[in-house]
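One structure is given here, and the rest of the page talks about it.
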Amino acid sequence: MPIGKKITLLYAGIFAVALILTSVFILMNLSYYYRDNSKKELMNTIEDIEEFILSGGDVTVENVSALIGDKNIEVRIIVNSGIVPPAATNPQMDPGVMPEPDEKSRLRSYDFMGERYLYCEKTIHYNNNSYLIQAFRLYEYESNTMTFFGLLFIAVNILGIILAYLIGVLISQKFLKPVTDITETAGKISISDLNLRIDVPEADDEIRALALTFNDMIKRLEDSFENQKQFISDASHELRTPISVIQGYANLISRWGKSDPSVLDESITSIKSETEYMSGMINQMLYLARGEKKEHEIKKTVFLLNELINDIVRDGEAMENDLELTFNEKGKIYLYADENLIKQLIYIFLENAGKYGKPENKKAVIDIYEEGKNAVVEISDNGIGIAEEDISRIFERFYKGDKSRNKEIPGTGLGLSIAKWIVESHDGKTEVKSKLGEGTTFKIILPKTNPPSEQKENK
């Protein structure tokens, strides 16, 4: 059953139950009111007759009828347990079937000649005579009134339930319209068309939140597909060149290289270089893909960042880029992280410093210090710098600034993408400052932790 129909039936059902219970309550109160009103009229009539008798009035049909007036009431007066026919407003009533007198003067029911009556009675004494005054009213009066109200409430209930259902349909359609729009939009969306969005309602409610969430999801999907398309395009572009080179040298070998040792040697060297480049690129692509799928096992331990960087600086003497390293440390800083990944992270930035540094004097400075609850690693170089328009894109896969897009500077354009993933997987962030011709500073911010000794004490 559609959710709109469920809401409509639920709304109509609750309204129907409330309406029926209200009607029953009103009918019960009306019944009580009319019975009480009938009793008061009957008792008032008896009191009027009682006052008339006690004042010495002559009990005759005319006098009693005058006391009753035009009320829908009939009266019988029995004197000394014997009926006085002239005092009966309805002479057809047979006193032999009268019920026993009731001292409490309560309202009772009485069946006579196929009719049902409500009546009250009262016994009075005057001049050594006993008068039993009985006042009657046909039950048909109350019955017809209650039947009328009963039918009226049934009609009102039926009409009310129908109206409640129709209103429920309108309300459910109005409130579920954004959901219907979402369904229709989702049906129209395809990989080739992700620019559709849901109209967000003005009311600040769950439907608005659903529409915003759906639009945000579609935006993320669109960005993801665009990134995927860009990734495939960039990967195809990056792989096309080495493949073309390999194919060219293979053709060269096929034509002349077999008999020319110099051509053969050059071709083998170039093919080997290009295959190593392709192998490195593919490995980095697979590394990033596993990271995005959260397939990398991150083994976090507590370690001293100072020792890690000192090891990197000592190893830096053997780096191919002849990079001169300087390490400045302000206090001991501990991290709870994957030590191998942090080492790989710093190596990536140092390799970039070596690639894009000034050939005659490649320098890099590593500074570590605390900043609130975070540890900061700053890696600065004196290289060619990064153009301001390129800074926001350097962490994209395969992206290279125009000044570095040449074969003289090796690299796949994936290193900084891997660095970004490592930082984000440790709940950190990276900031970049650069100036063309002067150099670049990468600021890596990571959560710090306490030394192992203090952690044991806290436990």
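The values are calculated or read from the model by the stated rules, or taken from the named source; none is laboratory data. On a predicted model such as this, the values are computed, not experimentally measured, just so you know. Here Cβ is always computed from backbone atoms with ideal geometry, including for glycine, and neighbour counts include all displayed protein chains. Just so you know, the surface numbers come from the protein's heavy atoms only, side chains and all, with ligands and any DNA or RNA stripped out. Shrake-Rupley method; radii C 1.70, N 1.55, O 1.52, S 1.80 Å.
Going by a ≥ b ≥ c, the root eigenvalues of the Cα gyration tensor, does the range 321-369 fall in the rounded group (a/c under 1.5), the prolate group (a/b larger than b/c) or the oblate group? Judged from the Cα gyration tensor, the range 321-369 comes out oblate (a/c at least 1.5, b/c at or above a/b). The packing ranking, built from the mean of other Cβ atoms within 10 Å per residue, places the peptides 55-67, 376-388 in the order 376-388, 55-67, highest first. Among the listed pairs K229/K355; K299/K363; K343/K448; K343/K429; K373/K420, a Cα-Cα separation exceeding 24 Å is found for K229/K355; K299/K363. Over the C-alpha atoms of the range 133-206, the Rg to Rh ratio, Rh being the Kirkwood estimate, stands at 1.53.
Summarising the label geometry, the points placed 7 Å from Cα in the beta-carbon direction at S55 and E297 lie 11.3 nm from one another. With all pairs of separate Cα atoms included, the range 1-42 yields a Kirkwood hydrodynamic radius of 12.6 Å. The fraction of accessible area contributed by carbon and sulfur in the range 16-56 is 62 percent, rounded to a whole number (1.4 Å probe; ligands and nucleic acids excluded). One decimal place: the segment Y347-D199 gains 48.5 nm when fully extended, by the rule 0.36 nm per residue minus the C-alpha distance.
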